[in-house]
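Just below is one structure, and these are the notes that go with it.
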Amino acid sequence: MGLVGFGLGVAILRTVCVPVGSFRSGFDQLDWGMPADSVLAVLGPPNRICTHPTVTHLGLVETGAIELADALERNTAERWIYTKRPPRQPIPRTADPACRASAGATELGYDDQLRLRWRLREAGRMAVEVDPGLRR
């Protein structure tokens, strides 16, 4: 095949298998207060939408951040879950309080105006990041 042919093959595979603007780089573009439709434009559709405001699974109470947990729960109307598999259409919505990101998945928390207020990049591996406006 030769070195040039091999390099061309790798370039084609990267173009086909690694989309421009990966999820990770898209995640880094998210800003606090960003409307859900803007997040949708950056990350694409989530795999599941949880409509129960629970945040107990984030481990904040266990670490002593009870006030922060309360603030998040008061300011969470929807939680969007992103996993590595492509989402189904229509996107499943559930009010089940057990709805949460599985290990390694991403979870985004939106307030009642569907503005991004908190995010968890990799459940079980990273700590939740919170809009500084909620910490006041």
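Annotations for the structure displayed:
- None of VAL10, VAL4, VAL42, VAL16 is at pLDDT 50 or above and either assigned to a helix (DSSP H, G or I) or within 15 Å of the chain's Cα centre (by Cα) (or both) except VAL42.
- The residues on offer are LEU108, LEU68, and the sole one that is under 13 Å from the mean Cα position of the chain (by Cα) and either at pLDDT 95 or above or outside any loop (DSSP other than H, G, I, E, B) (or both) is LEU108.
- Exactly one residue among ALA95, ALA41, ALA77 is surrounded by fewer than 20 Cβ atoms within 10 Å (Cβ to Cβ), at negative phi, among the aliphatic types (A, V, I, L, M) and without any contact (Cβ under 8 Å) to a residue 12 or more places away in the chain, and that residue is ALA41.
- THR63 fulfils the conditions (1) of a type in the set (S, T, N, Q); (2) over 16 Å from TYR110 (Cβ atoms); (3) not in a loop (DSSP other than H, G, I, E, B) except for a single criterion, (3).
The values are calculated or read from the model by the stated rules, or taken from the named source; none is laboratory data. No experiment lies behind these values; they were computed from the predicted model shown. Heads up, the Cβs are rebuilt from the backbone with ideal geometry, glycines too, and the neighbour counts pull from every protein chain shown.
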